[in-house]
Structure formats: structure tokens, C-alpha cells
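Just so it is clear, none of the values below were taken in a lab; they were calculated from the coordinates. From a predicted model like this one, the values you see are computed outputs, not experimental measurements. Note that each Cβ is placed from the backbone with ideal geometry, even for glycine, and that neighbours are counted across all protein chains shown.
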Amino acid sequence: MMLSDTLSINSLGQIDDAHTYALIGSIDAHTGPALDTLLAIAESSRIHLDFREVERVNSMGLALLLKLFEQWEKRGIRVEVSNLNRMVAMLFKITGLGRFLKAEPNVKAQERPQPEIVSSVQTPSAPVQLAHKSETRGGHHGRLSFIASMQSGAQLSGWYLLNTYLQRRLQHAIHLEQLPAGHDITHESVDILFAKPFEACAMMEKREFLPLLRPMGEADEVVIVMRAEDERELSTLTSPKVVTASQGSFVYLLGRFLCDEHGLDTGDFQYAFAGNEIKALQLLLKSQADLLFMLKKTYYGLSGLTRKSTRVADESDTQFAFHLFCINSSIAELQAPLIKVLTEMSGDEQGQGVLKDIQIEGWCAPEETEVRMLREIYQRYSSSS
């Protein structure tokens, strides 16, 4: 038996000509030494990993598994994984590790047909050019621009308070901009950004933005919502109409995978993209859609009266993706001061009040591997859309 703080590995010997191991616990940043003990397997062997008692695999754990599997493949070792719980199996498929599963899914994510887009939903407006950009921004003489993609509408006033808080502590003029729903942020001139997972990845890929911090103890999860009076089971739906905020989002991707886990073919769904989550909810309540993919935090932040009109058909618990606080690489000299101000908010009375208003516990630095895995997922699915 090999133990770590969160994972134990038990050898079950040779079963069906495969070196078989039972993994018990969670696979995360602390399990590297335990997994490394499996590197000694002889070349051209066959390995079977039983995940029956694995509770959770986070993004760091996925990165460690991917590294291990790639090393085995280079040595001609065949790998097979079985008995994953639903969320871990879904993450394997999303990240491309699905090829190691004992039973391959019927519809592979990367081979899905493009969904039908319902044309009756208004498409996002053309990019709006911000007029406040200063030519002297790089020299810290002009006003910095700040765009925040909020996790819920109730955070709006809090983000303006955060903007004021940052101005006072950085001693620099900052203008907070709220963009129209569904707006393509990559067209904007922006210095400081709090963005959804795929938005942040797009800005890193296309605009060389630097990831700084993520909300502490939070991940972006999805709920699949139906109307309260709709008594159908999710698994029985045929070619349902689905509404969500936007196609280029982690919520959309995760919602599709949740449906796939119910045996549905999401390539056969009809999709509508409403621009924001509240408009998407309205379309569901007006019976213009059967299902709604929505950020879990947004849904549970709705009024009790609104939630009574709906029911949750399913929800994710992946702990994989997250919003990111980023800055333009052209103002990289502000990276350290901004990190210092944000991470010290939880120890400052005024900062605690602002954090409460934006509904965030605090800020922490994302692991480099977490960001890399997120970017790999973005690259995988953005290139096929």
C-alpha cells in the first residue's frame, strides 16, 4: 500500500493479465508521490486502475494523472481505468482522458456535431469600442479600464465599491465598465479583468493577459433547470430545446456533458443563446425552452419565488473551472501591487465589506497547473466551435 495525505493505492495483483490497483481517497496536488510509485511498472505491461473508492479528482489531480498516463504510453504500457463516479468520469471525458476509460462513451465530445442555433433569439450586438482609453496608460498617467463579468446580478453595486477600493489603495484612476450581455470581450481595450473561465482563457490566448487570482473556495458549476410543472425525467427527453447564456462558455460545455451522462445525445438538442442568464431563465419560464443551463451560483442566488417556478434536474460538482482576475501584460508592473491589495482584503474591515457585497470569500493564487488545464480545455473546444 502507498499512502499520501489524500490517496492510498492498494495492489490487487494480476487480474486478467493486468497489474490491478485500487485507488482510495482523492487525487489532488498532494498525490504526486503516491502516483509516482506506479512508474516502476515494466514496459509493455497492462495496467488497470480501479477508481471505485476515489471520491474526487481536481484539476491538479487530473494533470498528475495525465502526466503519468503519457509516461506509461511512451513505454508501451496499456492503461485502463474503471469504476469512476459520475463527476470524475465526466472530467476524464472533458479533458481528453476518456480514451483510458474501460467503456468509451457513445458520443465523443470532440466529435459532436455542431448544435442547431435557434435564430429567434437576439444575437449579441457588435463590439462597442470604449472611448475612455488613455494613450498614456502604460506610463501610469492615464485612467485604467476595468471590466468585471459578474457571477450574479446581485454583485453589481459591490463591484463599483471594489473599483473605488482599488483606486484608493493603488492610488490610480480606474474606470469600471459593464459590457452588454453576450458581448465579445476580446474586442475591448481593457487593463484589469475579472472574467468567466473561457473569457479569461480567450484573453490569455488572444491578448496575452496574465492570470493573477481566483475566488477562494469557489468553482464554476452548472445546474440544469426545468419548469416546476414539467414532470418529465431528464433522461427521457427527445431533442429538447435548451437555452443558456452563450455558446462559448464553460457552463454550456458542462451542461452538455451532464446531459451526456444521462445517455442523451446533446448533438441532437436545439440550442438558443440568450446573451445572459436572466434572459435565458425568462425564456424557460415562458415555455420557449425545455432546459436551462445556468451557473449554479446564479441559480441559488435567485429569489425563492423564482426558484419555486423551477426545479433542478441535475447539477455538477467538478471543482474544475473558476472565474479569474487578470491584467493586461502591458501593465505587468501592477501585477504585484494588485495581488497584494486583493489578497489583503479579507484582513481589512472595509475590504471584508466589499468582499461580502461581491459575494466572494477572498482571493487566492491559482496553481499554474490549474490554469494550464483550463486553457487546454478552452483550446480543445474553442477550436472545434
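Net charge in the neighbourhood of Ala18 (other residues with Cβ under 14 Å of its Cβ; Lys, Arg +1, Asp, Glu -1) is -1.
Across every pair of non-identical alpha carbons in the chain, the mean reciprocal distance, once inverted, gives a Kirkwood radius of 22.6 Å. In region 282-379, what is the count of Lys pairs whose alpha carbons are under 22 Å apart, counting only pairs at least 8 residues apart or on separate chains? Count of close lysine pairs: 7. Contact order, relative form, for region 2-104: 25 percent (alpha carbon pairs under 8 Å, 6 or more residues apart, mean separation divided by residue count).
Other residues within the sphere of radius under 15 Å centred on the Cβ of Glu233, judged by their own Cβ, net out at -3 (K and R +1, D and E -1). Relative to the longest principal axis of the Cα atoms of the chain, the long axis of helix 250-260 makes an angle of roughly 30 degrees. When the chain is treated as a Gaussian network with alpha carbon springs shorter than 10 Å, the biggest mean-square fluctuation among Gln155, Gln14, Gln270 belongs to Gln14. Relative contact order of the chain: 19 percent, from C-alpha pairs under 8 Å at least 6 residues apart in sequence. Among the listed pairs Lys93/Lys241; Lys206/Lys241; Lys93/Lys196; Lys67/Lys93; Lys102/Lys241, those with a Cα-Cα distance over 28 Å are Lys206/Lys241; Lys102/Lys241. Taking a point 7 Å from the Cα of Arg86 along the Cα-to-Cβ direction, the residues of region 262-299 with backbone N closer than 14 Å to it are 262-264.
Once the Cα atoms are used to define both axes, helix 86-95 deviates from the longest principal axis of the chain by about 70 degrees.
Counting neighbouring Cβ atoms within 10 Å and putting the fewest first, the residues Cys201, Cys364 line up as Cys364, Cys201. Put a dot 7 Å past the Cα of Asp317, heading toward its Cβ, do the same for Glu73, and the two dots end up 3.1 nm apart. On the beta carbon distance between Ser330 and Gln350, with R0 = 41 Å, the FRET formula returns roughly 0.90.
Counting only alpha carbon atoms, the long axis of helix 59-74 and the longest principal axis of the chain meet at about 40°.
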